[in-house]
1. How much accessible area per residue does the chain have, counting only protein heavy atoms and a probe of 1.4 Å, in square angstrom?
2. Please state the relative contact order of the chain as a whole percent: Cα pairs under 8 Å, 6+ residues apart?
3. State the answer as a single residue: which of LEU150, ASN177, GLY190 lies farthest towards the positive end of the charge dipole of segment 138-213, with beta carbon charges of +1 for Lys and Arg and -1 for Asp and Glu, about the Cα centre.
4. Given R₀ = 35 Å, FRET efficiency for CYS71-LYS139 by Cβ-Cβ distance, to 0.05?
5. Which value, in debye to the nearest 20, gives the size of the charge dipole of the chain about its Cα centre, when Lys and Arg are +1 and Asp and Glu are -1 at the Cβ?
6. Under 8 Å for C-alpha pairs, at least 6 residues apart: give me the relative contact order for segment 60-119, rounded to a whole percent.
7. For the chain, state the average projected area of the convex hull of the C-alpha atoms over all orientations, rounded to one decimal in nm².
8. Of the options VAL123, GLY22, ALA211, report the single residue whose Cα projects farthest towards the positive end of the charge dipole of the chain (beta-carbon charges: Lys, Arg +1; Asp, Glu -1).
Amino acid sequence: MSLAEVNHVQVAMPWQQVQWEGLLARLQEGRMPHALMLRGEEGTGKNQFALALAQLLLCNRPVANTACGKCKGCQLNLAGSHPDLAILEPEEAGKAIKVDQVRAVVDFVGKKAQLDGFRVVLVSPTEAMNVNSSNALLKSLEEPGEKTVLILVSHQITGVLPTIRSRCQVMDFPIPNRQQALSWLNTLVGDAAKSEKLLNVAGGAPVRALALNESE
């Protein structure tokens, strides 16, 4: 599913609380990194984390450290029309992110925020950018402008150019504790034995396991 199609408030997964609380502390101290790379196995919930962070940054009045879902910023976000959010992902699943798409984001980063808050760019998956696309993004990663945060998601860090990696603060998202993953999965699947099987097939990645269940 495209990140741009998500129309509800996202929250960090139960196994992502250490990463979430670390970023909240930095946000409250005014030390939010301008470029973050979330790396780890596909299916651990990195896209959800990235969206939750973007929604929080663009929310006018967060509640319990998550986006409220009701303010003007959230309403625009959930309608897919927030002027200070840019999403960079392949136009078709499995395809490359084109250099023209990156140039549009570079143009976006060069402008001022329309709602006087943060400007956020989400890139997923980062390894879908080829050399030309990656090079087009470098200057924005180096000099993104005031209150601009670029959040890059990578499922396969070896596919990301070192020049991109070196300009980001990297956060690791390992496969979660099995019991925690099973507990989360079972609340959604409602069948403990099936949850066990799904998690096994998904290599321990709970979000991938849920996707398998939904695709049957």
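The values are calculated or read from the model by the stated rules, or taken from the named source; none is laboratory data. Keep in mind the model is a prediction, meaning the values are calculated, not measured. A quick note on method: Cβ atoms are made from the backbone with ideal geometry, for glycine too, and the neighbour counts reach across all protein chains shown. Ligands, DNA and RNA are excluded from the accessible area calculation, which covers all protein heavy atoms including side chains. Shrake-Rupley method; radii C 1.70, N 1.55, O 1.52, S 1.80 Å.
1. With the other protein chains kept in place, the chain gives 50 Å² per residue.
2. Averaging sequence separation for qualifying contacts and normalising by length gives 27 percent for the chain.
3. After comparing all options, I get GLY190.
4. With R0 = 35 Å, the Cβ-Cβ based efficiency is 0.60.
5. 440
6. The normalised contact order for segment 60-119 reaches 25 percent.
7. 11.6
8. GLY22
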